[in-house]
Each structure stands twice: as C-alpha cells, then as structure tokens.
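Enquirer: One structure follows; several queries about it will come next.
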Amino acid sequence: MAKVINIPNQIFTFEVEDAPRQANPIRYYIDENSCHICVSHCTDQKGYPRIGSDYKDLRMSRFIWEYVNKREIPKGMIIMHTCDNPNCINPEHLKLGTHKENMADMIRKGRSLKGSKHPRAKLTEADVYFLKYESDDINLSFLSEMFQITKDHIRDIRKGKCWDHLKEDYNNIIRQAD
C-alpha cells in the first residue's frame, strides 16, 4: 500500500539565475516551522535533498548556501541546519560552521546517541552505574564475561574515560543517597 503524504497546495520555486535549461527547478513548500521542504529532488539516505551542479552531485543545502551567499564554502567547513531538518532548504536556516560546532549543537539539543540510546550499546546506564560505583570487590574477569565487554572497557568506565556524559547524574544520585 502506498504511503500518502500531505503536501500543502502552495508550492514555491527557488529561482536560480543562469540555470541550464534542462535543470530541474527546485520546488518546495513552507511548513509550520518556516522550513522550506524540498519536493522536487530526491533525498539521500539521511534525508538531505541532492542536486547536480557543474557535473557534481551535492547536498542542496550546500548549493543554496553558496548561491545565496555568492561564495564557495571554505575548505573544512560544513552547512548546519539551525532547524535540525535535513530536508529544509530555507537559506535563513542554513549556517556555515565546523564539524565540531555541529556536533556540539547536536549534543546541546539532545540529539546525540549516547549511552544506551546508541545502536551498538551493550550496557545500560544502570549497568554502568553498577560497574563504576558498586563492583570494586568483584573480579574483573567475571564482570567482563557477565557484561560481554572487555576488562579495559570496565577500567575506562571506572576512570571516567567513557560514559562520562553520566557523570553529573551519578553525582546527583550519590548526593541524594547521603
């Protein structure tokens, strides 16, 4: 059965001067967050619309940022979506930044897959709390086998080298217990 997508009646076209005649016009609608949702071009696996430009396939957000700002994206820089919507092509929602800034933004907004949210996580937050604060007298080999992780991983948890995003939560739990 086909999925029905509700698209508003008003579709806009992003006008690109000097576009080749055969170029597919960029069409979009505006949603309730002022995002310009592209409906004319295919998206990649992560939901970003793609466009061919000068014999290159690139994300449309990059193309639009360069077109609107009349300059190339500097080497090592990326285009960030302030709206966190990969399908948005609104130039006002596109911002130049670094990968590090984008990752910090993702963490600040709570979109990162940390801890048990990560698809490859073997432990829960409760497991980590146990390993860090309640397992000092238990043999590392036994813990390693029990949780199916390496002894080094257990040592790193205890030293705060990994799962450190839980540090503040642990401190609050410990304070409440006192």
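Enquirer: Given the options Ser112, Ser144, Ser116, name the one that is hydroxyl-bearing (Ser, Thr, Tyr), on the phi < 0 side of the Ramachandran plot and modelled with pLDDT of 90 or more.
Expert: Values: Ser112 fails: modelled with pLDDT of 90 or more; Ser116 fails: modelled with pLDDT of 90 or more.
Among Ser112, Ser144, Ser116, only Ser144 is hydroxyl-bearing (Ser, Thr, Tyr), on the phi < 0 side of the Ramachandran plot and modelled with pLDDT of 90 or more.
Enquirer: Still on this structure, I have one more. Select from segment 117-153 the residues that are touching a Ser or Thr at 6+ places or on another chain (Cβ under 8 Å), surrounded by fewer than 15 Cβ atoms within 10 Å (Cβ to Cβ) and assigned to a helix (DSSP H, G or I) and list them in ascending order.
Expert: If the condition is that a residue be touching a Ser or Thr at 6+ places or on another chain (Cβ under 8 Å), surrounded by fewer than 15 Cβ atoms within 10 Å (Cβ to Cβ) and assigned to a helix (DSSP H, G or I), then Lys151 is the only one that fits.
Enquirer: All but one of (1) assigned to a helix (DSSP H, G or I); (2) of a type in the set (S, T, N, Q); (3) closer than 30 Å to Gln10 by Cβ hold for Asn102; which doesn't?
Expert: Evaluating Asn102 over (1) assigned to a helix (DSSP H, G or I); (2) of a type in the set (S, T, N, Q); (3) closer than 30 Å to Gln10 by Cβ leaves (3) as the failure.
Enquirer: Quick check on segment 27-42. Is at least one of its residues open to solvent by 60 Å² or more (accessible area, probe 1.4 Å), of a type in the set (A, V, I, L, M) and within 30 Å of Arg155 (Cβ to Cβ)?
Expert: Scanning segment 27-42 turns up no residue that is open to solvent by 60 Å² or more (accessible area, probe 1.4 Å), of a type in the set (A, V, I, L, M) and within 30 Å of Arg155 (Cβ to Cβ).
Enquirer: For segment 94-137, which positions are basic (Lys, Arg) and under 26 Å from Met80 (Cβ atoms)?
Expert: As a first pass, look at segment 94-137 and keep what is basic (Lys, Arg): 95, 100, 108-109, 111, 114, 117, 120, 122, 132.
Passing the criteria: Lys95, Lys100, Arg108, Lys109, Arg111, Lys114, Lys117, Arg120.
The values are calculated or read from the model by the stated rules, or taken from the named source; none is laboratory data. Just so it is clear, the structure is predicted and the values come from calculations on it, not from any experiment. Positions of Cβ are generated from backbone atoms using ideal geometry, with glycine treated the same way; all protein chains shown enter the neighbour counts. Surface accessibility is based on the protein's heavy atoms, side chains included, excluding ligands, DNA and RNA. Shrake-Rupley method; radii C 1.70, N 1.55, O 1.52, S 1.80 Å.
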